[in-house]
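Q: Have a look at this one.
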Amino acid sequence: MLLPFEIDLSLVEVLLFLILSLLISFFLYFNIRDRLSKLAVVLLTSLRTFFLFFLILLIYNPKIISFQKIDKKPILVFAKDNSKSVTDNIDQKIQKLHSKLSSKYDIELFSFSENLIEGLSDSNSGNSTNYSNLFNDIHNKFANKNLSSIIIATDGLYNRGLNPEYLDYDYPVHCIALGDTNQYNDVRIENVLSNKFAFLNDEVPFEVSISSFLAKNQKTNLLVYNNGKKVYEKEVKLEINKDFYRSIIYLPVKSIGLQNFDVIVDVVENEKNIQNNKFSTVIDVIDDRHDILILKDGASPDLSIFKNSIINNVNYNIDIKDKYDKINFEKYDLVACFNFDSLPVSLINKSIPLIIFNVNKYIFTQVGSSVQASISNSSSIGEVSLSNTFDKYVLKKEMIDILSQMPPLFSRCFIYDYNENIDVIFSQKILNSNLTNLAMFIENFENNKLAFINSEGWFLWKYLAFKNTNENEIFNDIFLKLTKYLLHSTNNNLFDIQFERSYFENEEIVISASIINELFQKVNNRKLFFNLFNKKGDKFIYNFDNINNQLFVNIGVLDTGEYTFNVSNDADSILKSGSFKIVKNELEMKDISANHKILQKISNLSKGELFYPSDMDALSDKLFQKAKNKKLILKNRLSDLIDFTWLLLISLMLIFAEWFFRKYYSLI
């Protein structure tokens with residue numbers, strides 16, 4: 001760069017201003033050129049041209065940008081692992097390295113475990129190690145800065161985030177390998193996979209992964225404890241040439257609520273690390289099944305279609321009974337009726353949601369429906385379509401897309417009048433007429449909802465839907481969502497809360513929630529309270545915050561132990577209750593043998609080098625020799641051009657010089 005400043009003016013603008021000034025000056029002196037010598041004409045024209053040019057610049061008033069060149073020292077980042085698995089103390093060596101390189105580098109010191117923190121930590125108390133967060137945080141902090149290289153002092157053990165082999169490295173990473181790489185006899189629980197939820201009396205699968213490092217073949221025992229009580233024990237034979245074992249265990253759950261399961265392997269001979277012999281997991285056992293009765297008065301091909309549509313839902317316990325059977329209707333949460341000329345009186349008197357197939361005119365009267373219907377003739381066949389006014393739930397898009405390909409259905413009743421309490425799901429266009437019938441609809445009563453299936457032949461739909469999509473779930477969605485909607489029909493508002501059944505100690509706990517109305521729309525404008533209780537019964541009250549139409553409560557960090565909670569509103573009505581557990585974080589105790597191989601891979605991938613604490617002097621010498629200052633050009637935007645008085649003085653000198661020569665040549 002030739003000049004230490006820059007004018008915020010394009011070359012085209014400069015040329016335009018200069019040509020304009022020259023033209024004005026040329027025409028001014030063109031008519032008197034015969035009275036002057038050529039030298040005088042050129043001199044006066046030049047003086048006027050430059051005066052006008054500077055005058056136009058002052059009027060246009062562009063910005064002036066100045067530049068400052070500085071030498072900037074490169075940045076060196078040093079990050080020390082302060083997780084629990086690290087026992088080496090290299091603080092004095094770090095200070096020595098800092099003293100030697102501080103003249104060549106701007107050194108930034110950090111500590112890391114799960115996250116990056118500024119400065120060197122005095123204690124190794126981190127509960128996990130996450131290299132992904134380490135390098136992401138460094139990249140975000142020093143993007144577009146003069147970062148030269150990174151030094152990390154760590155043992156190579158990580159238990160959170162991505163494998164460092166699959167990370168991208170923007171800068172050379174020099175690794176200082178800490179820890180002991182010696183291998184000791186060890187058997188440990190690597191992982192336990194299980195469901196987060198289970199239903200009471202279900203058998204829950206536990207997939208247990210065990211790994212071992214042994215000097216000779218040994219035996220151990222695999223044990224499982226449920227809330228402190230032993231519920232499983234099995235001998236496991238461990239071999240030298242086999243280091244991984246997997247076992248699937250099925251255990252019944254017989255109590256409601258949070259169930260803590262401790263999976264343990266017994267200590268083997270000469271085992272040094274016993275912290276990894278135990279793995280704890282939590283399962284929330286609930287008793288939330290729905291009992292559904294299919295009640296029939298004769299055979300119907302649509303009965304099996306309905307049953308198969310909902311049978312795969314593990315929440316539903318389905319009974320099929322005949323109308324002559326002795327039945328306790330109070331046991332059931334929903335009843336589906338098939339082929340009834342009239343419904344049992346004992347069923348009508350209950351506030352149980354009903355799905356009535358093969359409905360007739362008398363049944364409408366019997367249940368007190370607002371529907372006005374007449375008996376259909378054999379020609380009451382019509383094409384069925386989804387009502388464009390139905391908004392209680394949404395069917396699968398795949399089913400909606402093929403509705404036009406579905407065959408016509410027959411209806412026993414022609415419905416010619418109904419009131420606003422009716423939600424039409426499917427309507428029916430009667431063939432060869434302008435008449436429209438109702439094929440499937442829901443009627444809302446004061447304390448109940450009834451669904452009427454006025455059309456028959458749904459088994460044909462299921463067959464064609466499977467033929468077109470090769471999936472049964474596409475058709476099943478019609479009756480499955482109808483069933484779900486009716487089962488929740490007594491709840492005007494559904495409260496959905498998202499929380500884990502267990503959290504680690506020192507983990508910030510944030511719980512989200514939503515209030516959903518019967519239209520499945522969020523109505524999160526209510527004031528809600530999160531009431532938390534510890535084991536002693538102490539109560540802590542938190543408020544939910546509404547952020548982007550989602551409710552959140554930040555509980556912060558809690559001590560280890562079991563906690564129960566409920567969510568209440570202004571009227572002290574409890575919307576939801578639950579429990580969770582705070583457990584110790586022992587991830588760092590799973591390994592005590594350092595993994596220097598992963599550090600070598602990080603160094604190779606990033607074009608850095610691997611060093612040991614005894615080699616830190618060699619590392620500092622190498623970085624000292626490689627340090628190079630970077631020349632940076634800093635831009636400083638100054639004031640307007642008109643603020644420069646020297647430009648105004650030049651303009652005055654030009655016009656004064658022109659006046660002097662015009663007087664000299666007797667032009668004034």
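The values are calculated or read from the model by the stated rules, or taken from the named source; none is laboratory data. Since the structure is predicted, the reported quantities are computational estimates derived from the model, not experimental observations. Every residue, glycine among them, receives a Cβ derived from its backbone with ideal geometry; neighbour counts consider all protein chains shown. SASA here: full protein model, heavy atoms, side chains in, ligands and nucleic acids out. Shrake-Rupley method; radii C 1.70, N 1.55, O 1.52, S 1.80 Å.
Q: Based only on Cα atoms, what mean projected area does the convex hull of the stretch 1-119 have, in nm²?
A: Computed as one quarter of the Cα hull surface, the answer is 13.8 nm².
Q: Sort 346-357, 444-455 by packing, meaning the average of other beta carbons within 10 Å per residue, with the highest value first.
A: 444-455, 346-357
Q: Residues with beta-carbon under 14 Å from that of Asn339, excluding Asn339: net charge, scoring Lys, Arg +1 and Asp, Glu -1?
A: Counting the neighbours of Asn339, the net charge comes to -1.
Q: Testing the spin-label approximation: label points 7 Å from Cα along Cα→Cβ at Ile286 and Ile7. State their distance in nm.
A: 7.5 nm
Q: List the aspartates and glutamates whose alpha-carbon lies under 14 Å from that of Lys397, not counting same-chain residues fewer than 8 positions away?
A: Filter leaves Glu471, Glu473, Asp477.
Q: By how many degrees, between 0 and 90 and to the nearest 10, does the Cα long axis of helix 301-310 differ from the longest principal axis of the chain?
A: With both axes taken from Cα atoms, the answer is about 50 degrees.
Q: Pick out, from Val583, Ser411, Tyr225, the residue whose Cα sits farthest towards the positive end of the charge dipole of the chain, with +1 on the Cβ of Lys and Arg and -1 on the Cβ of Asp and Glu.
A: Val583
Q: Tell me the net charge near Thr560. Cut-off is 13 Å between Cβ atoms, Thr560 excluded, with +1 for each Lys or Arg and -1 for each Asp or Glu.
A: Residues near Thr560 contribute -2 overall.
Q: Using the structure shown, list the pairs from Lys141/Lys527; Lys196/Lys230; Lys93/Lys584; Lys307/Lys449; Lys321/Lys576; Lys326/Lys361 with a Cα-Cα distance above 28 Å, or answer none.
A: Those over the limit are Lys141/Lys527; Lys93/Lys584; Lys321/Lys576.
Q: Using per-residue counts of other Cβ atoms within 10 Å, averaged over each peptide, order 322-328, 560-566 from highest down.
A: The peptides rank, most packed first, as 560-566, 322-328.
Q: Right, here's the next one. Of Arg662, Arg160, which has the most accessible area with a 1.4 Å probe, and how do the rest follow in descending order?
A: Greatest to least solvent exposure: Arg160, Arg662.
Q: Let me ask another. Explain nothing, just the number: relative contact order of the chain, from Cα pairs under 8 Å at least 6 residues apart, as a whole percent.
A: Over the chain, the number comes to 16 percent.
Q: Using only the Cα atoms of the stretch 259-318, what semi-axes does the equivalent ellipsoid have when each is the square root of 5 times a gyration tensor eigenvalue? Give whole Å, largest first.
A: 51, 12, 7
Q: Let me ask another. In nm, what is the difference between 0.36 nm times the number of residues separating Phe30 and Val394 and their Cα-Cα distance?
A: Separation in residues times 0.36 nm, less the Cα-Cα distance, equals 122.4 nm.
Q: Can you check what the net charge comes to around Lys307, using other residues whose Cβ is under 11 Å from the Cβ of Lys307 (Lys, Arg +1; Asp, Glu -1)?
A: Overall, the nearby charge balance is -1.
Q: Now for a different question. If all Cα-Cα distances of the stretch 170-328 are sorted into 10 Å bins from 0 onward, what percent lands in each bin, rounded to whole numbers?
A: Spelled out per bin, shortest first, that is 9, 27, 20, 17, 13, 9, 4, 2, 0.
Q: To continue, here is another question. Say each of Asn472 and Ile574 gets a label point 7 Å from the Cα, pointing the same way as Cα to Cβ; how far apart are those two points in nm?
A: 3.9 nm
Q: In the chain, what percent of the accessible surface is made up of carbon and sulfur (1.4 Å probe, ligands and nucleic acids excluded)?
A: The C+S portion of the solvent-accessible surface of the chain is 51 percent.
Q: Show me 117-126, 204-213 ranked by packing, highest mean number of other Cβ atoms within 10 Å first.
A: 204-213, 117-126
Q: Let me ask something else about it. Helix 616-626 sits at what angle to the longest principal axis of the chain, using alpha carbons and giving 0 to 90 degrees rounded to 10?
A: 50 degrees
Q: Keeping every protein chain present and rolling a 1.4 Å probe, give me the accessible area per residue for the stretch 391-430 in Å².
A: Accessible area per residue, the stretch 391-430: 51 Å².
Q: For the chain, what are Rg and Dmax over the alpha carbons, in angstrom?
A: 41.0, 134
Q: Obtain the radius of gyration and the Kirkwood radius of the stretch 268-416 from its C-alpha atoms and give Rg over Rh.
A: 1.20
Q: I would also like to ask the following. Roughly what % of Cα-Cα distances in the stretch 420-557 sit above 23 Å, to the whole percent?
A: For the stretch 420-557, the share of Cα pairs beyond 23 Å comes to 59 percent.
Q: Hey, another quick one. Mind pulling the angle between the C-alpha long axis of helix 473-487 and the longest principal axis of the chain? Nearest 10 degrees, somewhere in 0 to 90.
A: Computed tilt is about 80 degrees.
Q: Give me the 1.4 Å probe accessible area per residue for the stretch 40-199, excluding ligands and nucleic acids, in Å².
A: Accessible area per residue, the stretch 40-199: 46 Å².
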